[in-house]
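J.: Have a look at this one.
The values are calculated or read from the model by the stated rules, or taken from the named source; none is laboratory data. This is a predicted model, so every value here is computed, not measured. No Cβ is skipped: glycine too gets one built from the backbone with ideal geometry, and neighbour counts run over all protein chains shown. With ligands, DNA and RNA removed, areas are computed over all heavy atoms of the protein, side chains included. Shrake-Rupley method; radii C 1.70, N 1.55, O 1.52, S 1.80 Å.
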Amino acid sequence: MDPRPIGVFDSGLGGLTAVRELTRLLPGEDVVYFGDTGRVPYGSRGRDSIIRFARQDVAFLLQRGVKAVVCACGTISTVAGALLQKTLDVPFFMVVDPSCRAAAKATRTGRMGVIATNATIASGSFQARLGELAPGAQVFSAACPLLVPLVEAGHIAPDDPITAPAVRYYLEPLAQRDIDTLILGCTHYPILAPAIRRFFGDGVALIDSGQQAALAVAGFLAEAGMLSGREAGGACTYYVTDDPRGFAKTAGIFLGTRVDDRAVQVDLGVLEGMNSEQ
Ligand code: DGL
């Protein structure tokens, strides 16, 4: 048994999709969440910046004594994940493999879509893994760079007058490809699942990448005997690098619980002095 918290991180609010699932699956576990809301979005940045930021984010979580790290971010998983994994001595989980496995299982027609940030789509990671897991499948992808800023700004209602047309704009080409399964390969996008569902209807299975990462870590910790042993009462603390109030408001709507007094601001200057490789 291991009473230490599980660390989860993302560039902003997206990793809450993993937190929601983790707290549902493992209500007795403590969770430390880090969202780099002062520097989001990562997905339109270059590789070097994404790697540097990711190392700082992970260093922050390690300082909090976490027993495992969940990279609840498609962008970091695909751009920096392999590098991070090499340097960590705690179990490390990412979004690509579990999401692709779930998609390969869900598809009936073999026509799948992936939506994610510019950096993730350009990496080709989801497309490559799907090709391995479902040979012969047809995979169509689309970068949706405006969706992360919309989520961060709290435009998450399915009928939001800015988000609904943006969702239609990005998803229409995939709808024309007649996909039956769509990987939400950026963890911010499941927060827009009601808007995406409203566009597609019920005919397309949505794969929530944050949820899939949470399922992977929960399964691993149970098997490795690393759960806390508590059945309930786990606490979640949220650290962000910008004003916690905006974060707390949208996080509260998405998680269905108030997070106000549990959202703490981290000084970006201090974070910039950290490095998970040290
Ligand atoms: N949630 C992040 C992801 O999964 C968003 C990346 C960004 O900051 O652009 O890719």
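J.: Taking the inverse of the average 1/r across all pairs of different Cα atoms in the chain, what Kirkwood radius in Å do you get?
T.: By the Kirkwood definition, the hydrodynamic radius is 18.5 Å.
J.: Continuing with the same structure: With r defined as the distance between the Cβ atoms of A106 and Q138 and R0 fixed at 22 Å, what FRET efficiency is calculated, to the nearest 0.05? Don't jump to the answer; show the numbers that get you there.
T.: On the way: r = 15 Å, r/R0 = 0.67.
So the FRET efficiency works out to roughly 0.90.
J.: Spelling out what I want: for every residue of the stretch 220-230, take phi, set θ = phi - 60°, compute 6.51 cos²θ - 1.76 cosθ + 1.60 (Karplus), and round to whole Hz; glycine and proline get x.
T.: Per residue, the Karplus-derived 3J(HN,Hα) values read 5, 5, 4, 5, 7, x, 10, 6, 6, x, 8 Hz.
J.: Around T17, with a cut-off of 10 angstrom between Cβ atoms, what is the net charge of the other residues, counting Lys and Arg +1 and Asp and Glu -1?
T.: -2
J.: Starting from the amide H of V114, placed 1.01 Å from N in the peptide plane, find each other amide H under 5 Å away whose residue is 5 or more places distant or on another chain.
T.: Under 5 Å from the amide H of V114 lie the amide H atoms of F140, S141, A142, I183, each far enough along the sequence or on another chain.
J.: Shifting gears a bit: To the nearest 10 degrees, how steep is helix 244-255 against the longest Cα principal axis of the chain, on a 0 to 90 scale?
T.: 60
J.: Could you compute how fast the stretch 177-278 diffuses translationally, taking Rh as the Kirkwood radius over C-alpha pairs and applying Stokes-Einstein at 37 °C with viscosity 0.692 mPa s? Give it in µm² per second. Please list the in-between numbers first.
T.: Working: Rh = 16.9 Å.
Rounded, D is 194 µm²/s.
J.: In the P(r) worked out for the stretch 67-181, what percent of Cα pairs fall beyond 25 Å? Please list the in-between numbers first.
T.: Details: 1991 of 6555 pairs.
Of all Cα-Cα pairs in the stretch 67-181, 30 percent lie more than 25 Å apart.
J.: OK, next. Calculate, for the chain, the solvent-accessible area per residue in square angstrom, rolling a 1.4 angstrom probe over the heavy atoms of the protein chains. Intermediate results must be reported in sequence, preceding the final value.
T.: On the way: 11560 Å² over 278 residues.
With all protein chains present, the chain gives 42 Å² per residue.
J.: Right, here's the next one. Once neighbouring chains are kept in place and the probe is 1.4 Å, which whole percent of the accessible area of the chain is contributed by carbon and sulfur?
T.: Working: 5780 of 11560 Å².
So the carbon and sulfur contribution to the accessible surface is 50 percent.
J.: At 222 nm, what value in deg cm²/dmol follows for the chain if DSSP H runs of at least 4 each add -39500 (n - 2.57) and the sum is divided by all its residues, to the nearest 500?
T.: Values: 13 runs with 126 residues, N = 278.
So the calculated ellipticity at 222 nm is -13000 deg cm²/dmol.
J.: Calculate, axis by axis, the spread of Cα positions in the stretch 138-204 along the three principal axes, and write the results as whole Å, longest axis first.
T.: 34, 19, 17
J.: What lysines does K86 reach when the alpha-carbon gap must be under 19 Å and sequence neighbours fewer than 8 apart in one chain are set aside?
T.: K67
J.: Another one. Taking a probe of 1.4 angstrom, what is the accessible area of D159 in Å², to the nearest 10?
T.: 100
J.: Also, quick follow-up: Please give the contour-minus-distance gain from A59 to D178: 0.36 nm per residue of separation, less the Cα-Cα distance, rounded to one decimal in nm.
T.: 38.6 nm
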